[in-house]
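Contents: one structure, followed by commentary.
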Amino acid sequence: MTAFGQTSGKISIRRQGGSLVLGQRADRLRHAVALLGRLILLAIASSSALAVLFIFYFIIRDAIPFFHDNGLREFFTSTHWYPSNAAAPEFGALAIFYGTGMVTVGAIVVAVPLGVAAAVCLSDVLPFSVRQWVKPTVEILAAIPSVVYGFFALVVFAPLLQDKGGQALSVATWLLFGPLAALAILVVADVSCGRLRERFRNPARAAVMILLTLAALAGLWKLSAALAAIHISSGTNALNASIILGVMALPTIVSVSEDALTAAGRELREGSYALGATRAETILSVIIPAASSGIMAAVILGIMRAIGETMVVLMASGNAAQIPQPWYNFLSPVRTMTATIVSDMGEADQTTGSSRYHVLFAMALCLLVVSFLANLASEWVVRRTVAKISAVRGTGGGDAASRPQGFMRRVWSWIGG
Amino acid sequence: MHLRTRKIIDRSATGIGILAIVVMTAALVVLLAPIFANGTGAFVFRGTAEFRKYQSDRFDRGDREVLTTEKETLRQVRQPVYDLLHKFEHQLKNDDDLDARFGAEFPKLKREVYRLIGPPPGEALSRLERDEYGATRWDRALVQADSIVHVQEDRGLDSHGFSLKVEGPRAARYKGTSLEPMFGYVEMHLAELLRPQWTFYPQFLIDNPQDANFFGGIGPAVLGTIYLTLGAILFAVPMGVITAIYLVEYAGQGRFISLLRTCISTLAGVPSIVFGLFGLAFFINTIHVSPSKSVLAGSLTLGLLILPTIIRASEEALRAVPLAYKEAALSLGAGQWRTILTVILPAALPGILTGIIISMGRAAGETAPIIFTAAVSVGLGVKPWEVFTSPTQALSWNIYNVSTEHEAVDQIRHVQYGMVLTLVVLVLALNLTAVLLRARITRRLSG
Amino acid sequence: MASSAVAERPKKMTTSVPTTRPTSRSPETPQTPAVAGEVSHVAAEGFHVLYGGRPAVKSVTMNIPPGRVTAIIGPSGCGKSTFLRAINRMNDLIPGCTVQGRLALDGQDLYVPQLDVVALRRKVGMVFQKPNPFPKSIFDNVAYGPRIHGISSRTHLSEIVEQSLSRAGLWDEVKDRQHDNALRLSGGQQQRLCIARALAVDPEVLLMDEPASALDPRSTARVEELIDELSGQYTIIIVTHNMQQAARVSELTAFFYEGELIEFGPTKEIFTKPRQEKTEAYITGRFG
Ligand SMILES: Nc1ncnc2c1ncn2[C@@H]1O[C@H](COP(=O)(O)OP(=O)(O)O)[C@@H](O)[C@H]1O
Ligand SMILES: [Mg+2]
């Protein structure tokens, strides 16, 4: 205690003085100001959110007169689209829905295998230094405006398809199916002869391989010959639109899938490698299943991008409101909902509120509903992933919780395009 | 399975992955290569004497004296062509037989020749500028000359049932007439007739288009894109950033907040064409921000489109600000607002800016939302005080327009490519800025 | 929602005069007047802090005298930081954090609704475990506090900055580069900058939460010296889990265990003849 006695001499605290409590009026004012500030912020924040409700309201408002006057049946079941026929307009949008579906399916067929393979490569194969170079490619693909893709489709790609379409298709067949067939042959031969006794195994395998190779070559040859003979009468068709839309959807799919694959974590991979699995086996049997919901979300977002895209389909799809003959004929021109809105709105008298005007809002409403549902679906899928991942990791750990959250935010960012 | 097979499968899988990356990169190259290769042609090309004459007449550019002497030289070289044409025309009038053979074709031929080397003074075939000047670009001139010197002749149908066309020299058709020498002359003296020179034409970016984009540049479209982008940013940034601040600094985890978030993410998923229709139905037809299409209505629509992106980027940037900064500021006696304004926002600024710049790229490139709200295909540059009422050209819409709805799409390819290149460079430059900015933030945060 | 609820304060504890004398306590909250006859600067009475209902600080009663260095020691997770942050109401930031009981500065209860938190934090500065300078210049870091309290004259600010940096023993090292980014300083310099920044608003109490735990030994020594120099001018409360450090810099030591204050007294006594078994066990290294 004496120690304190000694030091007490140098104590010289400067007291600030002044009361720590506010008077009643100052206190009220402080609360009022805080509340007001908060309310203003809330108002602005909610008006950002209100915007989407406004969009729904105004699209529905202008769509209702159409359904009121024309009912639902013709719109959804007929393929006769002649809205500008003054005497007897026809509003059968089935072919247009079909066209949208067709190019979307085409785009997904192009983008999903390519995108997921690229994502796997980015997350599991490429070294960091190469990845740094590939990522900007994805970003640039995502940044290029859709009208530029459309221009490319119309001015560069369509003439190419029209002039050299058949040959291009047959070359593509060889490039695509050749390696795949080779791989399949190897696996089939190995599996089918695996049970044989040691002595017969190698000759048997060689025999099977030769047989299969011959069969595959013959098949490919026929296929490519058939394709090469195809004459494409117009370069602007469903195939063109599908390929370009696929390339456009690629960045979304690559980025979201890659995030999902990365989020699967190192422990999972190491566990699999420790059991002696190869990289391909690890990827196929462990990582992709673990990331499947994320990849699902990626596909949904890719679909959304393809359905909602306007300029590319307007410029590349040929704009013929018809169901192709036969139904799977990707070489015939089709018409999509977005393209219809653009090209028919120009003709419709924008303010008089004719059926021609309202039918386009009906179509926009369909688009809106589809994108809303897809959005909900992707959110649901992502939420399930998060739940799954945190269940695997055990809840509570700060790190375990933060990773899926970051992943979810990234996914959310991709919804925006 | 055999270990060897497993290894082969493993390698093949790697191969497939790398193939996918290669295909993706190739797609990018294939997309951008023609755009860069042809797009630069709008700015750097071999301009003919007609180009220089046009620039001098219309924009008062170039050295008068040089041009006058060049004009004189050209007159001498071109005179024989004009003379031959006049002579033949005269003969046509007097010779019914000749008239029966060439009466229909000759006026077209004459027009094509005039479009190649320009009409003789005072003899323009119409008031259209394309009839007052010859070919301004050497690449166009070569195509034009070819269509004069050669002619396509129908040869019935080919084996597929498509009409078969064969090219032949036009001179052969005019064999024995007084016009025959003209074709040889044009072919031989094409360079002297047009005097091509390498030309750098940066004013392509600011000049008004003339005569349906046959001449001039893309000034109004560039200007319109800038207006629309800035307008969208002006509207979306304050709203987006404030919303993000609310979400990060004030909002908890309640029902209402999750509803708010769902709304915002739904907004992000709305197709861009629906934004366009909404802009038309709401901004123009309901609240009448302008009597019809205007820069303002387009900017508001685009602003709404990029709002979710800005909210998200700002939110992420704000969340990335270390809690320690906030604690430090509060422990020094700063209030919540003061903390946000003096510490949190400045620290999040680079991240927010990155988001803003990326959104700018998006707004600049979007077409569908402005079709019904702002874009027109013709018109002069909009003056800053006209933005509230006047519609505008915009690069994105004009690319569509001049490459699909133009009367002569394949004669103005250079304009189309020039526009596309301008838009691509604009968007990529914005994205590059964003990338560099992001790199700087990372560096700064690490000390 | 970030503000702590003020709950269940015993009615009798109204604002009292600053000379609250500690009275004797129940046996499980061993309580001693820190220094006989000395007034308290910060006083806790039956003070609890709860995170979402789970107590992290339990019924703490202690009187911290002015102008001294008081160390709070204890095993990790025992509520040292929580208690410290309660003194300038930094816990307001944590959703779900509530308090019970009474905590007073100069006799003024800190958890009354009308309390001006800004004025409180001006009087009670804080230095954190990890140096956390703003990503601004050295000058702007130190001038931040004075600026928000309304000083805008450049000369006045320069004066305050120089004074604060000198008091924090950093002036000579940085006087020629005051406009460099503070993040370019070394860890130890950053921490002294944070101390200077806290001093610039001229506080009465300085809270330090393991201020040296992220620093190398040399910087630690420098910070300890600094605390020694500052003692007497400020009431310093320092949390540390380093007992040598507590012994070196403090005059008083409080030992916390599982949210409770086990023992509080002159540092020498705590380290040489602790009265509680748990204290002894802890300082002899049998746990924690
Ligand atoms: N933000 C928080 N939310 C919930 N519990 C917390 C929080 N911070 C600390 N705690 C809990 O309060 C107790 C005391 O923590 P703390 O004061 O940080 O301990 P110390 O600083 O002594 O290591 C610990 O059990 C800790 O888990
Ligand atoms: Mg602590």
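The values are calculated or read from the model by the stated rules, or taken from the named source; none is laboratory data. Computed from a predicted structure; not experimentally measured. Please note: Cβ atoms are built from the backbone with ideal geometry, for glycine as well, and neighbour counts cover all protein chains shown. Remember, those area values only see protein heavy atoms, side chains included, never the ligands or the DNA or RNA. Shrake-Rupley method; radii C 1.70, N 1.55, O 1.52, S 1.80 Å.
Among the candidates B:Thr422, B:Thr339, the residue that is open to solvent by less than 40 Å² (accessible area, probe 1.4 Å) and away from chain A (no Cβ under 12 Å) is uniquely B:Thr339.
Residue-wise test of (1) farther than 24 Å from B:Glu249 by Cα; (2) more than 9 Å from ligand 1 (Cβ to nearest atom); (3) open to solvent by 10 Å² or more (accessible area, probe 1.4 Å).
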| position | (1), (2), (3) |
| --- | --- |
| C:Thr61 | yes, yes, yes |
| C:Ile73 | yes, yes, no |
| C:Phe128 | no, yes, yes |
| C:Lys136 | no, yes, yes |
| C:Gly145 | no, yes, no |
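Take the conditions more than 8 Å from every other protein chain (Cβ to nearest Cβ), assigned to a helix (DSSP H, G or I), among the hydrophobic types (A, V, I, L, M, F, W, C) and open to solvent by 20 Å² or more (accessible area, probe 1.4 Å) and apply them to B:Leu345. Does it pass? Spelling it out, B:Leu345 is indeed more than 8 Å from every other protein chain (Cβ to nearest Cβ), assigned to a helix (DSSP H, G or I), among the hydrophobic types (A, V, I, L, M, F, W, C) and open to solvent by 20 Å² or more (accessible area, probe 1.4 Å).
Residue count for segment B:266-325 under the criterion of being more than 10 Å from every other protein chain (Cβ to nearest Cβ), open to solvent by 10 Å² or more (accessible area, probe 1.4 Å) and within 30 Å of C:Pro133 (Cβ to Cβ): the result is 2. Could you tell me whether any residue of segment C:90-102 is within 14 Å of chain A (Cβ to nearest Cβ), away from ligand 2 (no atom under 15 Å from the Cβ), touching a residue at least 12 places away in the same chain (Cβ under 8 Å) and in contact with a helix residue (DSSP H, G or I) (Cβ under 6 Å, 6 or more places away or on another chain)? Within segment C:90-102, not a single residue is within 14 Å of chain A (Cβ to nearest Cβ), away from ligand 2 (no atom under 15 Å from the Cβ), touching a residue at least 12 places away in the same chain (Cβ under 8 Å) and in contact with a helix residue (DSSP H, G or I) (Cβ under 6 Å, 6 or more places away or on another chain).
Could you tell me whether B:Leu330 is facing another protein chain (nearest Cβ under 7 Å) and open to solvent by less than 20 Å² (accessible area, probe 1.4 Å)?
yes
Exactly one residue out of B:Phe51, B:Phe59 is crowded, with 17+ Cβ neighbours inside 10 Å and either among the acidic types (Asp, Glu) or more than 14 Å from chain A (Cβ to nearest Cβ) (or both): that is B:Phe51. In the set (1) under 17 Å from C:Leu226 (Cβ atoms); (2) facing chain B (nearest Cβ under 9 Å), the condition left unmet by C:Leu170 is number (2). When A:Gly101 is tested against (1) small (Gly, Ala, Ser); (2) buried (at least 18 other Cβ atoms within 10 Å of the Cβ); (3) away from chain B (no Cβ under 14 Å), only condition (2) is not met. Please find, among B:Arg61, B:Arg127, the residue that is touching a helix residue (DSSP H, G or I) at 6+ places or on another chain (Cβ under 7 Å) and not in a helix (DSSP H, G or I). On inspection, the qualifying residue turns out to be B:Arg61.
Restricting C:Leu157, C:Leu226 to those that are in contact with a helix residue (DSSP H, G or I) (Cβ under 6 Å, 6 or more places away or on another chain), assigned to a helix (DSSP H, G or I) and without any contact (Cβ under 8 Å) to a residue 60 or more places away in the chain reduces the list to C:Leu157.
Report whether or not A:Ala63 is among the aliphatic types (A, V, I, L, M) and within 9 Å of chain B (Cβ to nearest Cβ). No.
When B:Ala408, B:Ala439, B:Ala429 are checked against the criterion of being among the aliphatic types (A, V, I, L, M) and open to solvent by less than 40 Å² (accessible area, probe 1.4 Å), a single residue qualifies: B:Ala408.
From C:Val112, C:Val99, C:Val42, C:Val49, which residue is among the aliphatic types (A, V, I, L, M) and within 12 Å of ligand 1 (Cβ to nearest atom)?
Every option except C:Val49 fails the conditions.
Would it be correct to say that C:Glu225 is buried (at least 18 other Cβ atoms within 10 Å of the Cβ), of a type in the set (Asp, Glu), more than 14 Å from chain A (Cβ to nearest Cβ) and more than 16 Å from ligand 2 (Cβ to nearest atom)? The answer is no for C:Glu225. Scanning segment A:125-154 for residues that are more than 8 Å from chain B (Cβ to nearest Cβ) and at pLDDT below 90 yields A:Pro127, A:Phe128, A:Ser129, A:Val130, A:Arg131, A:Gln132, A:Trp133, A:Lys135. Contact map, segment C:71-88: residues that are more than 13 Å from chain B (Cβ to nearest Cβ) and charged (D, E, K, R) paired with residues that are within 8 Å of ligand 2 (Cβ to nearest atom) and open to solvent by less than 10 Å² (accessible area, probe 1.4 Å), Cβ distance under 7 Å, separation 6+ or inter-chain. Pairs shown: C:Lys80/C:Val239. Residues of segment B:261-314 that are more than 14 Å from A:Leu53 (Cα to Cα) and polar (S, T, N, Q): B:Ser272, B:Asn285, B:Thr286, B:Ser290, B:Ser292, B:Ser294, B:Ser299, B:Thr301, B:Thr309, B:Ser314. Could you tell me whether segment C:99-113 includes any residue that is among the acidic types (Asp, Glu) and more than 27 Å from C:Ser250 (Cβ to Cβ)? Within segment C:99-113, none of the residues are among the acidic types (Asp, Glu) and more than 27 Å from C:Ser250 (Cβ to Cβ).
Among the residues of segment C:187-203, is any among the hydrophobic types (A, V, I, L, M, F, W, C), in contact with a His (Cβ under 8 Å, 6 or more places away or on another chain) and under 21 Å from B:Lys326 (Cβ atoms)? Reasoning before the result, please.
We begin by selecting, within segment C:187-203, every residue among the hydrophobic types (A, V, I, L, M, F, W, C); these are C:193-196, C:198-201.
Pick out the ones that are also in contact with a His (Cβ under 8 Å, 6 or more places away or on another chain) and you get C:201.
Applying the additional criterion that residues be under 21 Å from B:Lys326 (Cβ atoms) yields C:201.
Within segment C:187-203, one or more residues are among the hydrophobic types (A, V, I, L, M, F, W, C), in contact with a His (Cβ under 8 Å, 6 or more places away or on another chain) and under 21 Å from B:Lys326 (Cβ atoms).
From the set of residues in segment C:232-254 that are outside any helix (DSSP H, G or I) and either open to solvent by 10 Å² or more (accessible area, probe 1.4 Å) or more than 19 Å from C:Gly265 (Cβ to Cβ) (or both), which is nearest to ligand 1 (Cβ to nearest atom)? Ranking the candidates gives C:His241 first.
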